[in-house]
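The values are calculated or read from the model by the stated rules, or taken from the named source; none is laboratory data. Note that this is a predicted model, so its numbers are computed, not measured. Positions of Cβ are backbone-derived with ideal geometry, glycine not excepted, and every protein chain shown enters the neighbour counts.
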Amino acid sequence: MNKYILLALPLAKASVVFSAPAPYNENIRGTYENKIRQNANPEKVFETFASIKERKNYYMSVADFFKAITPYNYSSCVNQNFFDSHESLVFKIADANGDGKLSFSEYFFFIVLLSTGAKWFKEMFKSYGGTVTREQFIEIMKEAKKRSPQGKHMVNTKGHLDPRSSNVTDEQFRESCLTLSELFFKNDKNLISWREFMNLKNLIMEELLYYEFHAFEVDEDMSISSEDFAKSIISYMPVSKAAEYLRRLETLKLKGRVKYSEYMAFMIILQQSKRLENALLFKRTEHGRALSRKDIKKVLAKLCKDSKFCRNNGLSISDIQIKVFVELLDLDDSGFLEPEEFFNVLVSRDSFGTAQASKPDIDLMAEKSKEAVNFVLKYFGFKPYFAEKSSQEKITNKLNTLEH
Ligand SMILES: [Ca+2]
Ligand SMILES: [Ca+2]
């Protein structure tokens, strides 16, 4: 039996909930929280979600913690009792001193682990010859901390952070590293491999997806409605775009249900947002026309096949999911997806709570991405897809940047 199904069993009936359009106030609050998750630095995220106050310090409960690292999904489903019947391995890893609540330093360590790309970790393991000792593993995590936006900020300010004493000392960070390494280096194990480390990252991903899935109304056959599935896609969009898609969703008559395994497959592909966008864009270039539902199906099936996790667990994306994806994103109702309909719509989960998703100037970022796409197309002898700016416009933009 697959690992994820095992994980799912204890909760199959536990999260009975009600589903209705989320109340107006709830939506405002959720949208605000998504903005924080996508754009704010870890200190701000911690301050927003930590609900336990002891003397002058704030701490996160397990529920606060999951709320902070998963998006608000625009549904009114309430699964507050989730953790009564579900022990979280992810929380255990994060709670380094085992006191049942997360301090800022414990939270911060976890965010570094979550937001550092698998590819970077792979390179680090490779530089040590593929397997690492406990001390080498701690060195890798310290390096990851330095690279994180927050770590850089600490170096720049010589370790003096302003907001409410949310600092992380090297000793605190090391304590978290040691707790995590207990998992790897038990029974006198001396070395761990890249693969063993990735298994842990996958386990974290699975648990987060399982939690997200149960934030919708789940039937006894472990499925959610197509409408809720559409909402899960919207929850990963930049907040500035969500309202438009939620309005669109109200006009769509979506039918069918989405099983947990299908939901997982889709979310795994969706979270590789840049890879997905590039694959769609190349398909578009190959065809020289907008993408049909059949094209999208091919792209998603290929990405699914390329994903080791999907392959190993026999996960695949259903036709219903593809229909929902295309109908939701097809803003001009042409029945096809144009690049502007999928470009910059999706936000990678890895950047949640790390200020990496924060786009100081979203237009400038979009402009840069478009230039990069045009560059690649031109390199392969294709016409640029996006309209190119005149040199005069470029100069004016440059001057504006210099003035600020
Ligand atoms: Ca703790
Ligand atoms: Ca279209």
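The set of residues in region 307-340 being at pLDDT below 90 and within 15 Å of ligand 2 (Cβ to nearest atom) consists of GLU338, PRO339, GLU340. Report whether or not LYS92 is away from ligand 1 (no atom under 16 Å from the Cβ) and part of a helix (DSSP H, G or I). So LYS92 does not fit the description; no. Is it the case that region 139-150 has a residue that's modelled with pLDDT under 90 and either among the small types (Gly, Ala, Ser) or within 16 Å of ligand 2 (Cβ to nearest atom) (or both)? Yes. The set of residues in region 95-125 that are over 12 Å from PHE173 (Cα atoms) and either within 16 Å of ligand 2 (Cβ to nearest atom) or under 20 Å from the mean Cα position of the chain (by Cα) (or both) comprises LEU114, SER115, THR116, GLY117, ALA118, LYS119, TRP120, PHE121, LYS122. You will find that of LYS67, LYS142, LYS126, the residue that is under 30 Å from PHE216 (Cβ atoms), in a helix (DSSP H, G or I) and more than 16 Å from ligand 1 (Cβ to nearest atom) is LYS67 and no other. Taking region 36-64 as the range and being outside any loop (DSSP other than H, G, I, E, B), over 19 Å from LEU208 (Cβ atoms), in contact (Cβ under 8 Å) with a residue 40 or more places away in the chain and among the charged types (D, E, K, R) as the test, the residues that pass are GLU43, LYS44, GLU47. Among residues of region 206-223 that are of a type in the set (S, T, N, Q), those with a Cβ under 9 angstrom from a residue that is at pLDDT 95 or above, sequence gap 6+ or separate chain, pair up as SER223/ARG257; SER223/VAL258; SER223/LYS259; SER223/TYR260; SER223/GLU262; SER223/TYR263. Only one entry in ARG284, ARG311 is away from ligand 1 (no atom under 16 Å from the Cβ), in contact with a strand residue (DSSP E or B) (Cβ under 8 Å, 6 or more places away or on another chain) and of a type in the set (Lys, Arg), namely ARG284. Of the residues screened, PHE125 is one that is in contact with a strand residue (DSSP E or B) (Cβ under 8 Å, 6 or more places away or on another chain) and touching a residue at least 60 places away in the same chain (Cβ under 8 Å). State whether one or more residues within region 72-89 are within 18 Å of the chain's Cα centre (by Cα) and closer than 24 Å to LYS142 by Cβ. For region 72-89, residues within 18 Å of the chain's Cα centre (by Cα) and closer than 24 Å to LYS142 by Cβ: absent.
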